[in-house]
1. So, in the stretch B:86-104, exactly how many residues are part of a strand (DSSP E or B) and modelled with pLDDT of 95 or more?
2. Which of the strands (runs of 3 or more DSSP E) contained wholly in the stretch A:24-113 include at least 2 residues that are within 10 Å of chain B (Cβ to nearest Cβ), of a type in the set (A, V, I, L, M, F, W, C) and under 15 Å from the mean Cα position of the chain (by Cα)?
3. Just give me the residues in the stretch B:78-106 being at the interface with chain A (Cβ under 7 Å from one of its Cβ atoms) and touching a residue at least 60 places away in the same chain (Cβ under 8 Å), in sequence order.
4. Here are A:LYS78, A:LYS83: which of them is in contact (Cβ under 8 Å) with a residue 12 or more places away in the chain, touching a strand residue (DSSP E or B) at 6+ places or on another chain (Cβ under 6 Å) and of a type in the set (D, E, K, R)?
5. Please work out which one of (1) modelled with pLDDT of 95 or more; (2) at negative phi is the condition B:SER42 fails and give its number.
6. Would it be correct to say that B:ILE49 is surrounded by 14 or more Cβ atoms within 10 Å (Cβ to Cβ) and within 20 Å of A:ASP102 (Cα to Cα)?
7. Taking the stretch A:35-48, which residues are buried (at least 18 other Cβ atoms within 10 Å of the Cβ) and over 16 Å from B:HIS95 (Cβ atoms)?
8. Here is a list: B:SER65, B:SER71, B:SER82, B:SER12. Which entry is over 12 Å from B:LEU112 (Cα atoms), of a type in the set (Ser, Thr, Tyr) and not in a helix (DSSP H, G or I)?
Amino acid sequence: EPEVTQTPSHQVTQMGQEVILRCVPISNHLYFYWYRQILGQKVEFLVSFYNNEISEKSEIFDDQFSVERPDGSNFTLKIRSTKLEDSAMYFCASGGTSGPQDTQYFGPGTRLTVL
Amino acid sequence: AQKVTQAQTEISVVEKEDVTLDCVYETRDTTYYLFWYKQPPSGELVFLIRRNSFDEQNEISGRYSWNFQKSTSSFNFTITASQVVDSAVYFCALHFMDTGRRALTFGSGTRLQVQP
């Protein structure tokens, strides 16, 4: 069964450093998302991406964040200058081919620890 | 306001007991989709079910069943004859469609502990 994959599973970085989190969505999906979950809290939406552009972003997704689909398979989230409060689990999700109403399937997550 | 509430923070049951996880929501949207996801201790988010706001038929899948009641804005999830492997955090989520939003709005989750 097709699945969303994410690398790395765990990333440790120093405050102020740039990190890139990588995702490979399900191959025929067209809608891509990033969410984050601070430890023990709810899952929060960051950004959605369709047709090579951002279609929606939350207040969390400020200028420190960017997303890119550099080729036909990868979908990346970049945090330019990490802060302690960016420590969280970051989930990539991909939706289907019909529209944003399609079910979002989540990857296993990348745990980001900012020291 | 668009909001998803899971009032039960943690539930503990003994194996083979039935358990119901509550989810209520607030919206003025007429079109929305409702979801349940499971987050086992390993951390991933596993899709369980998707329903749309126009379909109030209850659904059963094995030991899992879902009761959607638009009149009370609730989408509750029942596990029959719970098992230790059901231990996880369960999230209810909604996709509010009227304004063209893409985001899922999650509840705060209910941690289910099934004791042997």
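The values are calculated or read from the model by the stated rules, or taken from the named source; none is laboratory data. These figures come from a predicted structure and were not determined experimentally. Note: ideal-geometry Cβ built from the backbone for every residue, glycine included; neighbour counts use all protein chains shown.
1. At the first step, the residues of the stretch B:86-104 found to be part of a strand (DSSP E or B) are B:88-96.
Restricting the remaining residues to those that are modelled with pLDDT of 95 or more gives B:88-93.
Looking only at that region, the number is 6.
2. Working: elements: A:31-37, A:43-50, A:53-57, A:65-68, A:75-79, A:88-94.
Ranges flagged: A:43-50, A:88-94.
3. B:PHE91, B:HIS95, B:MET97, B:LEU104, B:PHE106
4. Result of the check over A:LYS78, A:LYS83: A:LYS78.
5. B:SER42 satisfies every listed condition except (1).
6. Yes: the conditions hold for B:ILE49.
7. Of everything in the stretch A:35-48, those that are buried (at least 18 other Cβ atoms within 10 Å of the Cβ) and over 16 Å from B:HIS95 (Cβ atoms) turn out to be A:ARG36, A:GLN37.
8. Exactly one residue qualifies, and that residue is B:SER65.
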